[in-house]
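Everything on this sheet refers to the single structure shown next.
The values are calculated or read from the model by the stated rules, or taken from the named source; none is laboratory data. On a predicted model such as this, the values are computed, not experimentally measured, just so you know. Counting neighbours? That spans all protein chains shown, and the Cβs are built from the backbone with ideal geometry, glycine included.
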Amino acid sequence: MFKHSNRLTWWAAAMLPVLFLACSTLREVTGPKGTSWPLRVSADIPSAQGTVKVLNTDGPNKKVRIEVEYLAPPERVSAYATAYVVWLVPAGENEPRNYGALKVSDKLKGELEIQTPFPEFDVFVTAEPTPTVARPTNKQLLMASVHSTSRAIP
């Protein structure tokens, strides 16, 4: 009986951190902080890094915050570019939608906060000649898939 008790104690001690990690990750994903996905970066802007954070709102829309650091000015990435445009492609659709331009500071940080009714979507950023272009004219520089099956940052 004593050996069985020691094994049970060892098993419980070994599983406690695993259960704690699982619960804390779940809280992070579904908690008030929202869920974050890393932005994949093109070789054209290798220093850049960023995240897409999705938060629930009181209504049916989701609040989406795109934050980027170490982002070179758009004119350095593309000759005629004046803005970085954020595009969303809702799940099941093929056409990107212009959701606005990242505001980039002198410290090479960019951010944009938007609301969308779409619970799942792909998001990407391009360097464009104007922030109001109807379709992307340059290649994707930053991208992420915001889907329940894609990997979020815990």
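Some values worked out for this structure:
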{"read-out": "Residue selected from segment 65-83 under the condition closer than 15 Å to I45 by Cα and among the aliphatic types (A, V, I, L, M), by the criterion surrounded by the fewest Cβ atoms within 10 Å (Cβ to Cβ)", "value": "A79"}
{"read-out": "Top-ranked residue of segment 54-96 - restricted to ones that are assigned to a loop (DSSP other than H, G, I, E, B) and free of Cβ contacts under 8 Å to residues at least 12 places away in the same chain, ranked as nearest to T132 (Cα to Cα)", "value": "E95"}
{"read-out": "Of all residues making up segment 97-120, the number that are at positive phi and in a strand (DSSP E or B)", "value": "1"}
{"read-out": "Among the residues listed as V133, V86, V123, the single one being over 21 Å from S36 (Cβ atoms) and hydrophobic (A, V, I, L, M, F, W, C)", "value": "V133"}
{"read-out": "Top-ranked residue in segment 84-123 [being of a type in the set (V, I, T) and buried (at least 19 other Cβ atoms within 10 Å of the Cβ); ranked as nearest to the chain's Cα centre (by Cα)]", "value": "V123"}
{"read-out": "From T126, T137, T130, residue being buried (at least 16 other Cβ atoms within 10 Å of the Cβ) and among the polar types (S, T, N, Q)", "value": "T126"}
{"read-out": "Hey, G34 modelled with pLDDT under 85 and within 30 Å of N138 (Cβ to Cβ) or not", "value": "yes"}
{"read-out": "Subset of segment 97-108 that is free of Cβ contacts under 8 Å to residues at least 12 places away in the same chain and not small (G, A, S) - its residue that is nearest to T82 (Cα to Cα)", "value": "K103"}
